[in-house]
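First the structure, in the form of C-alpha cells, and then the observations on it.
The values are calculated or read from the model by the stated rules, or taken from the named source; none is laboratory data. Not measured: the values here are computed from a predicted model. Cβ coordinates were reconstructed from backbone atoms using ideal geometry, including for glycine residues, and neighbour counts include every protein chain displayed. These accessible areas exclude ligands, DNA and RNA; they are computed on the full protein's heavy atoms, side chains included. Shrake-Rupley method; radii C 1.70, N 1.55, O 1.52, S 1.80 Å.
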Amino acid sequence: FDISIIENSECLIEVLSTTGNNRLGGDDFDKKLSKLILEKSGFDIELTRKLEIKLSQIAEKTKIALSDNEEYKIDEKFFAKKDNEALHLELTIKKEEF
C-alpha cells in the first residue's frame with residue numbers, strides 16, 4: 001500500500017519520493033496482535049510501558065512467523081510479574097485467528 005521512487009546510480013541509492021496510507025502499516029497489525037495475545041494469555045496485569053514494548057516485540061515476531069506458518073507457539077518465560085510471581089507467556093496463535 002506504499003510506494004517509493006528511488007534512483008540507483010553508481011552504488012548510490014536515493015529516495016526521490018514516497019507515499020502511501022499511513023494507517024495501513026505493520027504497526028497496526030502488531031497492535032491488533034498484541035491485544036489478541038494479551039486476551040488469550042488470561043493475565044490480569046497492568047501494562048507498563050516496558051511490558052507494552054515487550055508485547056509489541058512478541059507480536060511482531062509472531063506476525064512474521066505466521067507469514068509462513070499456520071500457527072506459532074509463543075513461549076516467553078518470565079514475561080511479567082504479578083504478586084511477586086513470575087508469569088510465563090505460553091500460548092499458540094493460529095493464522096486464522098490473526
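Of note:
- Simple Cβ-charge dipole of the chain, Lys/Arg +1 and Asp/Glu -1, about Cα centre, in debye nearest 20: 380 debye
- Ranked by solvent-accessible area (1.4 Å probe, protein heavy atoms only, all chains present), the residues Asp30, Asp2, Asp68, Asp75 order from largest to smallest as Asp68, Asp2, Asp75, Asp30.
- In order through region 70-79: 3J(HN,Hα) via Karplus (6.51 cos²θ - 1.76 cosθ + 1.60), integer Hz, x for Gly, Pro: 6, 8, 9, 8, 8, 9, 10, 5, 6, 4
- Computed from the alpha carbon atoms alone, the convex hull of region 1-72 holds 141 Å³ per residue.
- Solvent-accessible area, 1.4 Å probe, carbon plus sulfur percent, for region 1-60: 51 percent
- Average accessible area per residue (Å²) across the chain - probe 1.4 Å, nucleic acids and ligands excluded: 80 Å²
- GluC sites (Glu not before Pro) within region 24-98: DSSP coil, no more than 12 neighbouring Cβ in 10 Å: Glu46, Glu70, Glu96, Glu97
- Near Ile74, the amide H atoms lying under 5 Å from its own belong to Leu91, Thr92, Ile93; only residues 5 or more places off or on other chains count, and H is placed 1.01 Å from N.
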